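Visitor: Can you read through this structure? Questions will come right after.
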Amino acid sequence: MSLILHIDTAIDTASICLSDNEQVLFSAQNTQTRESAGWLQPAIQSMLQQGGISLQQLQAVSVSAGPGSYTGLRVGMASAKGLCYALNIPLLTVDTLQSLAGAALRQVCDVDALLCPMIDARRMEVFTAIYDRELQEVLAPTNLIVEPTSLDEWLDQHTVYFFGNGSNKVKDVLQHAHAQFIEVHSSATHLVPLAYQQWMQQQFAPLAYAEPKYVKGFYSPQPR
């Protein structure tokens with residue numbers, strides 16, 4: 001038995017879930033954007049109470065580590081690290097793009113197809129990566145200003161499925177015959193298989209040094 005709490009505040013809305021091994025026991029989602037900080041801790045407490053589970057029974061915490069919303073990433077990482085410090089349990093950090101690709105697997109039947117999650121990074125820029133159906137990296141996470149030929153290296157050889165909140169704005173740009181666009185909704189439940197794999201392999205993040213994967217530099221203006 002491995003009770004793991006999963007936290008995802010990386011993209012549009014916050015969500016949490018509790019799993020035993022790879023089975024999701026309970027989950028909750030906040031549909032209000034930009035309210036993650038105030039929602040998260042009460043939601044965790046409520047979900048655990050619903051399941052009759054105490055914090056002390058948790059064996060690890062996983063968090064969607066980015067890329068994504070800078071504010072959301074900091075909220076999720078700080079909450080996950082705080083719980084792990086207080087409970088003396090391991091931290092598992094899951095790549096947000098990889099978990100989003102995992103959420104798309106059920107919609108893609110083509111065994112040779114590639115998966116390209118995209119997270120909005122404003123204007124025509126996206127955070128993106130490319131994975132095969134085993135969720136192995138074909139293109140490592142990066143920030144990309146999308147142009148018509150940006151991904152031709154992969155589109156010329158494979159059908160590539162694009163999804164995520166950054167994919168809608170590039171539909172008119174990526175008009176390659178092998179480009180397919182689908183709707184995929186991810187949540188903390190999609191962290192479960194990846195986090196459990198890390199748990200089994202004891203791939204724990206160092207609590208003192210774990211930080212969000214911003215991919216590009218985080219800029220914070222100086223107060224006037």
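Visitor: Restricting to the stretch 50-91, give me the number of residues that are polar (S, T, N, Q) and within 12 Å of the chain's Cα centre (by Cα).
Guide: 3
Visitor: Can you name the condition, by its number, that Asp110 falls short on among (1) within 25 Å of Ser19 (Cα to Cα); (2) touching a His at 6+ places or on another chain (Cβ under 9 Å)?
Guide: Of (1) within 25 Å of Ser19 (Cα to Cα); (2) touching a His at 6+ places or on another chain (Cβ under 9 Å), only one is false for Asp110: (1).
Visitor: Give the residue that is most open to solvent (accessible area, probe 1.4 Å), with candidates limited to residues of the stretch 2-33 that are among the β-branched types (Val, Ile, Thr) and within 10 Å of Thr189 (Cα to Cα). Break it down into steps so the answer makes sense when it comes.
Guide: Start the filter on the stretch 2-33 by keeping residues that are among the β-branched types (Val, Ile, Thr), which leaves 4, 7, 9, 11, 13, 16, 24, 31, 33.
Subsequent filtering for residues that are within 10 Å of Thr189 (Cα to Cα) retains 7, 16, 24.
On the way: Ile7: 0, Ile16: 1, Val24: 61 Å².
So, considering only residues that are among the β-branched types (Val, Ile, Thr) and within 10 Å of Thr189 (Cα to Cα), the one most open to solvent (accessible area, probe 1.4 Å) is Val24.
Visitor: Which one is nearest to Phe127 (Cα to Cα), of the residues in the stretch 43-65 that are open to solvent by less than 60 Å² (accessible area, probe 1.4 Å) and touching a Phe, Trp or Tyr at 6+ places or on another chain (Cβ under 9 Å)?
Guide: Within the stretch 43-65, the first condition is being open to solvent by less than 60 Å² (accessible area, probe 1.4 Å), and the residues that meet it are 43-44, 47-48, 51, 53-54, 58, 60-65.
Among the residues that remain, those that are also touching a Phe, Trp or Tyr at 6+ places or on another chain (Cβ under 9 Å) are: 47-48, 51, 53, 60, 62.
Details: Met47: 31, Leu48: 33, Gly51: 36, Ile53: 36, Ala60: 28, Ser62: 21 Å.
Here the answer is Ser62.
Visitor: With (1) under 26 Å from Pro206 (Cα atoms); (2) open to solvent by less than 20 Å² (accessible area, probe 1.4 Å); (3) touching a Ser or Thr at 6+ places or on another chain (Cβ under 7 Å); (4) in contact (Cβ under 8 Å) with a residue 40 or more places away in the chain as the list, and Leu40 as the residue in question, which single condition is left unmet?
Guide: Leu40 satisfies all of (1) under 26 Å from Pro206 (Cα atoms); (2) open to solvent by less than 20 Å² (accessible area, probe 1.4 Å); (3) touching a Ser or Thr at 6+ places or on another chain (Cβ under 7 Å); (4) in contact (Cβ under 8 Å) with a residue 40 or more places away in the chain except (4).
Visitor: Now, a different point. Picking from Gln175, Gln202, Gln198, which residue would you name as being out of contact with any Gly (no Cβ under 7 Å at 6 or more places or on another chain), assigned to a loop (DSSP other than H, G, I, E, B) and modelled with pLDDT of 95 or more? Lay out the reasoning, then the answer.
Guide: Numbers: Gln175 fails: modelled with pLDDT of 95 or more; Gln198 fails: assigned to a loop (DSSP other than H, G, I, E, B).
On inspection, the qualifying residue turns out to be Gln202.
Visitor: Can you confirm whether the stretch 117-134 contains a residue that is open to solvent by less than 20 Å² (accessible area, probe 1.4 Å) and more than 19 Å from the chain's Cα centre (by Cα)?
Guide: Going through the stretch 117-134, the residues open to solvent by less than 20 Å² (accessible area, probe 1.4 Å) turn out to be 117-119, 121, 126-131.
Now narrow it down to the ones that are more than 19 Å from the chain's Cα centre (by Cα): none.
Checking the stretch 117-134: not a single residue is open to solvent by less than 20 Å² (accessible area, probe 1.4 Å) and more than 19 Å from the chain's Cα centre (by Cα).
Visitor: Go through the stretch 162-172 and count every residue that is free of Cβ contacts under 8 Å to residues at least 60 places away in the same chain and open to solvent by less than 40 Å² (accessible area, probe 1.4 Å).
Guide: Going residue by residue through the stretch 162-172, those that are free of Cβ contacts under 8 Å to residues at least 60 places away in the same chain are 162, 166-172.
The next check asks that each one be open to solvent by less than 40 Å² (accessible area, probe 1.4 Å); those that pass are 162, 166-167, 170.
Total meeting the criteria: 4.
Visitor: Take the residues in the stretch 173-208 that are of a type in the set (Gly, Ala, Ser) and free of Cβ contacts under 8 Å to residues at least 60 places away in the same chain; name whichever of them is surrounded by the most Cβ atoms within 10 Å (Cβ to Cβ). First the steps, then the outcome.
Guide: The first filter runs over the stretch 173-208 and keeps only residues of a type in the set (Gly, Ala, Ser), leaving 177, 179, 186-188, 195, 205, 208.
When the remaining residues are screened for being free of Cβ contacts under 8 Å to residues at least 60 places away in the same chain, the result is 177, 179, 208.
Numbers: Ala177: 8, Ala179: 19, Ala208: 7.
Selected residue: Ala179.
Visitor: Go through the stretch 81-100 and report how many residues are outside any helix (DSSP H, G or I), among the hydrophobic types (A, V, I, L, M, F, W, C) and open to solvent by 10 Å² or more (accessible area, probe 1.4 Å). I'd like the intermediate steps shown before the answer.
Guide: Looking only at the stretch 81-100, we keep the residues that are outside any helix (DSSP H, G or I), and these are 88-95.
Subsequent filtering for residues that are among the hydrophobic types (A, V, I, L, M, F, W, C) retains 89, 91-92, 94.
Now restrict to residues that are open to solvent by 10 Å² or more (accessible area, probe 1.4 Å): 89.
Final tally of qualifying residues: 1.
The values are calculated or read from the model by the stated rules, or taken from the named source; none is laboratory data. Not measured: the values here are computed from a predicted model. Neighbour counts are summed over all protein chains in view; Cβ atoms, including those assigned to glycine, are modelled from backbone coordinates with ideal geometry. For the accessible areas, the whole protein counts, side chains as well, though only heavy atoms, and no ligand, DNA or RNA atoms are used. Shrake-Rupley method; radii C 1.70, N 1.55, O 1.52, S 1.80 Å.
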